[in-house]
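Read the structure below first, then the notes.
The values are calculated or read from the model by the stated rules, or taken from the named source; none is laboratory data. Keep in mind the model is a prediction, meaning the values are calculated, not measured. Neighbour counts run over all protein chains shown; Cβ positions are idealised from the backbone, glycine included. These area figures cover heavy atoms from the full protein model, side chains too; ligands, DNA and RNA do not enter into them. Shrake-Rupley method; radii C 1.70, N 1.55, O 1.52, S 1.80 Å.
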Amino acid sequence: MSPTPLLHRPASPQPRLDVWSDVTAIRRRSPLVLNITNFVVMNLTANALLALGASPVMAHAPEELDEMIDLAQAVVINIGTLSREWIDAMERAVVAARRRGIPVVIDPVGSGATRFRTETSRRLLSLASPAILRGNASEIRSLAGSNGSTKGVDSVYESVDAIAAGQWLAKEYGCTVSISGRTDFIVDATGRIGIQNGSDLMPSVTGMGCTASALTGAFSAVNSSPFHAAAHAMALMGVAGELAAKKCSGPGTFVPHFLDTLHNLDEATLIALVNPTAN
Amino acid sequence: MSPTPLLHRPASPQPRLDVWSDVTAIRRRSPLVLNITNFVVMNLTANALLALGASPVMAHAPEELDEMIDLAQAVVINIGTLSREWIDAMERAVVAARRRGIPVVIDPVGSGATRFRTETSRRLLSLASPAILRGNASEIRSLAGSNGSTKGVDSVYESVDAIAAGQWLAKEYGCTVSISGRTDFIVDATGRIGIQNGSDLMPSVTGMGCTASALTGAFSAVNSSPFHAAAHAMALMGVAGELAAKKCSGPGTFVPHFLDTLHNLDEATLIALVNPTAN
Amino acid sequence: MSPTPLLHRPASPQPRLDVWSDVTAIRRRSPLVLNITNFVVMNLTANALLALGASPVMAHAPEELDEMIDLAQAVVINIGTLSREWIDAMERAVVAARRRGIPVVIDPVGSGATRFRTETSRRLLSLASPAILRGNASEIRSLAGSNGSTKGVDSVYESVDAIAAGQWLAKEYGCTVSISGRTDFIVDATGRIGIQNGSDLMPSVTGMGCTASALTGAFSAVNSSPFHAAAHAMALMGVAGELAAKKCSGPGTFVPHFLDTLHNLDEATLIALVNPTAN
């Protein structure tokens, strides 16, 4: 992989991420995050946003989307169980968010598995601004036209293999790209950062990626930098995942402990565990 | 706030609520509760009804609603993720329930946030009888045309601030109104009662209000007084919430303990904790 | 009940079930299981498939179903919250799966409660091959035209009372029939087996039957015998249920422990507990 420039390159080899100030801002302001997401994860992502301190709302009817977006501080679009009617709602929401200047997070679940998903994701990306694209390596590669073989909704690539695709997408669409994996990478047109947190249990829980996208929405509501909002959300996901993994006995008991951790996390614990990397 | 008459005013300052006899009736008869509800909470409310001993069914196709309602002892309508097609199902169900004389619980999730929600809730209320309206203070105020500012689906008012609106709605629509909050208030055209149970964790869990509505459906299936069914359901919610809060470490572990409590609760524990108030 | 022939009748009175070799095959191959299922259980069944080691995908748009089925190793159809549009997707998926020769599991949730459900289930059965029909006694009886009184989605019959109906369906549709209950029975045109595992808590948890169907999909993806795939899935469900019941304190804490058990189960524990019966 060719070297890429690092945004905000720090003096030390490890970049600093001020995740905590965003967490306190979310808890204090409780931003309203509008989610147009899939049936599988709605309960989980609503609970994750609530546990963090944000205020989730799920709505998709064309009759009310404009009014909902007038109330919202961020919009999260997730195509996990898409259909024609829901795509209409997603496009409408993305356009309304752009008009109001509020951030949009797009989760292209299963992009690459079917043309319907790939094309829907590209169209949403082309309509959204400012946008954060949050997906796994297969999904990100597929959107860039790389060999994006996706096995259903799970990635068959390492996140590092999608950095070049992410950089291309960041330039093509003017967006920030958040690639989840063993190391999470956040890239935009000018830089990148990695996050080395998380637990091996997380791929065995449905909707962890979708939850990362939902939390990215909450962070983007309080941090005007999409790049930092995305990085902070992935760092929090990873740290909460590590802490929950220590308390649970498998992917089933992981989930309630993960939500507890989002709710109870304190500054010292967060700072001690956040592990960003320039590479 | 002007003083309001109390239904069944007791000799002592604390009214009595015989929640337990309804709980045993639900466990014994296992009433079928038809839910037309939102995608976020379907799993939770089905589990809450099962844990309590009721028999939940979720169905919304026009082709089968009449037959389902012929089997049901109560109907719960919740507009959390409404759309045109689902409203048609809700209206059809409400009309069929009225024809059969079985109780309907209406949960106007997010009423006041958008006109679509406010108007849908009012129309459902106008069609339903006997009906119990179960919402938070913002939702109840919005339906009465008060300054019903709702922030998404979460209330920005205390429940006490919605009592007058609830009383107006009770008279206007001939319904019982159950207002959830730190103190829950149940009002109808002639009286009111308050319930001081619950846990601060409950607003951090998605679908607790929706679960209250679902359980209200189960109680209304075994208690012919909508006023008492609503009060008993809120008392049980609050007591189960208190007990679960003691066993959990946050909003994630709260949910499984809450469901366990609904399933395991005994008479002595319930009676010791139920805390109604005349004010 | 008249005696019925036993497939692969063993020398000993207790038949042997090699559940473990399928479990290891699922963990190793991680088969993609396409689910067109109901809103109530999507999260649970996705998590159960992931915990077992399979790769779930939920999709229902006509624009992508053929491509998804080209990627899938099994299809699970569940009519729990059916509507006209979803039935179209289910029929399309069943036909595509048949063309590709991949197994289909059909869960006729609530069949017998409404004609819409009974007729939809029969039509799906008539289109699917090879198919495993997985339901409770009321559902199975209703499909065979027996007195199939169903109370909503819960059975009012013992599984043993549906064996004759299952045998009739197996012959009529050329399918395998998996009847869940206190004893689970798997029947096909030439034999039957019973499984005596499980916990009394399971009927108090929503979606346990749907989860059995989803896991049956995973087993059918790695075992070419629908009869054995169905038997192995029910045995695993029952064993995991028994183990989870020992660790939990009610139906709420049951679920996370059930998922943990699917993830952590080892061969010795499984073999020690599996309890098949010829009768």
Given A:Leu124, A:Leu133, which one is away from chain C (no Cβ under 14 Å), closer than 28 Å to A:Arg29 by Cβ and either open to solvent by 10 Å² or more (accessible area, probe 1.4 Å) or assigned to a helix (DSSP H, G or I) (or both)? A:Leu124
For the stretch A:238-258, which positions are assigned to a helix (DSSP H, G or I) and open to solvent by 10 Å² or more (accessible area, probe 1.4 Å)? A:Glu242, A:Leu243, A:Ala245, A:Lys246, A:Lys247, A:Thr253, A:Val255, A:Pro256, A:His257
Subset of the stretch C:105-121 [among the acidic types (Asp, Glu) and in a helix (DSSP H, G or I)]: C:Glu119
Just a yes or no: is a residue in the stretch C:178-193 in a loop (DSSP other than H, G, I, E, B), within 14 Å of chain A (Cβ to nearest Cβ) and either in contact with a Pro (Cβ under 7 Å, 6 or more places away or on another chain) or open to solvent by 10 Å² or more (accessible area, probe 1.4 Å) (or both)? no
Selection status of C:Ala231, open to solvent by less than 10 Å² (accessible area, probe 1.4 Å), touching a strand residue (DSSP E or B) at 6+ places or on another chain (Cβ under 6 Å) and within 19 Å of C:Ala25 (Cβ to Cβ): yes
Pull up the stretch A:12-28, narrow it to residues that are aliphatic (A, V, I, L, M) and buried (at least 19 other Cβ atoms within 10 Å of the Cβ), then point me to the one that is farthest from the other protein chains (Cβ to nearest Cβ). A:Leu17
Residues (more than 7 Å from every other protein chain (Cβ to nearest Cβ) and either free of Cβ contacts under 8 Å to residues at least 40 places away in the same chain or over 18 Å from A:Asp184 (Cβ atoms) (or both)) located in the stretch A:236-253: A:Ala240, A:Leu243, A:Lys246, A:Lys247, A:Cys248
Could you pull out the residue among B:Ile195, B:Ile179 that is within 20 Å of B:Gly80 (Cα to Cα) and of a type in the set (Val, Ile, Thr)? B:Ile179
Return a yes/no flag: does the stretch C:195-208 have any residue that is in a helix (DSSP H, G or I), at the interface with another protein chain (Cβ under 8 Å from one of its Cβ atoms), touching a residue at least 60 places away in the same chain (Cβ under 8 Å) and touching a helix residue (DSSP H, G or I) at 6+ places or on another chain (Cβ under 9 Å). no
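What residue, among those in the stretch B:259-279 that are open to solvent by less than 40 Å² (accessible area, probe 1.4 Å) and at pLDDT below 95, is nearest to B:Asn197 (Cα to Cα)? Explain how you work it out, then say what you get.
If we filter the stretch B:259-279 for residues that are open to solvent by less than 40 Å² (accessible area, probe 1.4 Å), which is where we start, we get B:259-262, B:265, B:270, B:274, B:276-278.
Restricting the remaining residues to those that are at pLDDT below 95 gives B:277-278.
Details: B:Thr277: 10, B:Ala278: 14 Å.
Here the residue is B:Thr277.
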